[in-house]
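Read the structure below first, then the notes.
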Amino acid sequence: MILIQNVKKSYFSNNNTVDALKNVTLKIDKGDIFGVIGYSGAGKSTLLRCINLLEKPSGGKVIINNQELTSMDEKSLRRCRKKIGMIFQHFNLMSNRNVFKNISYPLKGSGLNKNQLEEKVINLLKIVGLEDKLKAYPSQLSGGEKQRVAIARALANDPEVLLCDEATSALDPQNTKSILSLLRDINKKLNITIMLITHQMEVVKEICNKVAIMEGGEVVEVGNTLNVFTSPKNSTTKEFVASIFKYENVLESYNTLNNEIIAKISYIGETSGEALISKISIDFNIYVNILYGNIENIQGVPVGNLIVAFNGDERKILESIDYLNKNNVNVEVINYDKSSNRSDSQCNRTVS
């Protein structure tokens, strides 16, 4: 549905060039809820605005539903944009217009008569659950209600693609969950492809089936959400994943013993319910001290993470790690420095 090929975006100021996007390439399939995550300044919002050409790329191609937007004239681009809905962090509603007029605004020139227009708006309000707010003004709505109106407005022209720029960042946790649930329903019921920009890994975990991680204007990792959560490759991705599983502070408060091996163990699916730690302790005659553990649900699959300290014969410990890896349990050794008496979370090695 969306093909981004080698897209670049540069800004020029005071004889300086800032490269906001550097040869970004992504493929988003029809029906995806595709998340793009990164810290501030990573280039994710610039990328989103380049997709519907609110920002014109300095190079590369943007192709939506087999139509290359980057080669279109203004008239053709306006026509294509009608099939690309967009919602924003701060809603962007017109304060001097009521809900009906905000939602009906994109339908100007659509050829609908008064009755058809009213029926269309009422149906959109039913989709977002705000049938009783037809004549309310934005100042009379909560943040969650404002975003629902913004979503209804974005759906007015029956789009094939919905672009969401930090759509939940201005909302409290309860409204965030509600809006994400609404977007999931819209994706399923209306078969709309959704691209969602966020700096919150919790949002990706909740709704996205695929995710790309951006840093410094580049995509540093991309893949199925479950795979990215369970086997992150890039250091930035690992930081985001750690923020979900909440183990980032564990190592800071733990003093490693001599010859102790600290590792992160990831369980996926049915494996998360097995007593493998007890088994390797008995079978390999080693001590395994669990420092931290939790289970999250990623795309309907239970994913568990443990931070453990291995003690005992080094050869036996490495054999136990090899055994876990062979049983579809990912083991990432975080500290394996015999001379160290402290945890060093920067020393990431995978032993298999």
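The values are calculated or read from the model by the stated rules, or taken from the named source; none is laboratory data. The structure presented is a predicted model; accordingly, all values stated were derived computationally and were not measured. Every residue, glycine among them, receives a Cβ derived from its backbone with ideal geometry; neighbour counts consider all protein chains shown.
Structural remarks
- Of residues in the stretch 72-93 being part of a loop (DSSP other than H, G, I, E, B) and in contact with an Asp or Glu (Cβ under 8 Å, 6 or more places away or on another chain), the one nearest to Gly60 (Cα to Cα): Lys83
- Residue match in the stretch 172-181 (condition: of a type in the set (Lys, Arg), farther than 18 Å from Ile84 by Cβ and either surrounded by 20 or more Cβ atoms within 10 Å (Cβ to Cβ) or at pLDDT 95 or above (or both)): no
- Residue ID - surrounded by the most Cβ atoms within 10 Å (Cβ to Cβ), chosen from residues in the stretch 1-58 that are assigned to a loop (DSSP other than H, G, I, E, B) and hydroxyl-bearing (Ser, Thr, Tyr): Ser58
- Of the helices (runs of 4 or more DSSP H) contained entirely in the stretch 142-260, those carrying at least 2 residues that are more than 16 Å from Phe34 (Cβ to Cβ) and among the hydroxyl-bearing types (Ser, Thr, Tyr) fall at 173-190, 235-245.
- Identity of the residue in the stretch 280-330, touching a residue at least 24 places away in the same chain (Cβ under 8 Å), among the hydrophobic types (A, V, I, L, M, F, W, C) and outside any strand (DSSP E or B), that ends up farthest from Lys246 (Cα to Cα): Phe284
- Here the condition is being surrounded by 13 or more Cβ atoms within 10 Å (Cβ to Cβ), of a type outside the set (S, T, N, Q) and at pLDDT below 90; of Lys326, Lys279, it holds for Lys279 alone.
- Flag if Ser142 is touching a residue at least 40 places away in the same chain (Cβ under 8 Å) and among the hydroxyl-bearing types (Ser, Thr, Tyr): no
- Selection count, the stretch 93-137, where residues are at positive phi and more than 32 Å from the chain's Cα centre (by Cα): 2
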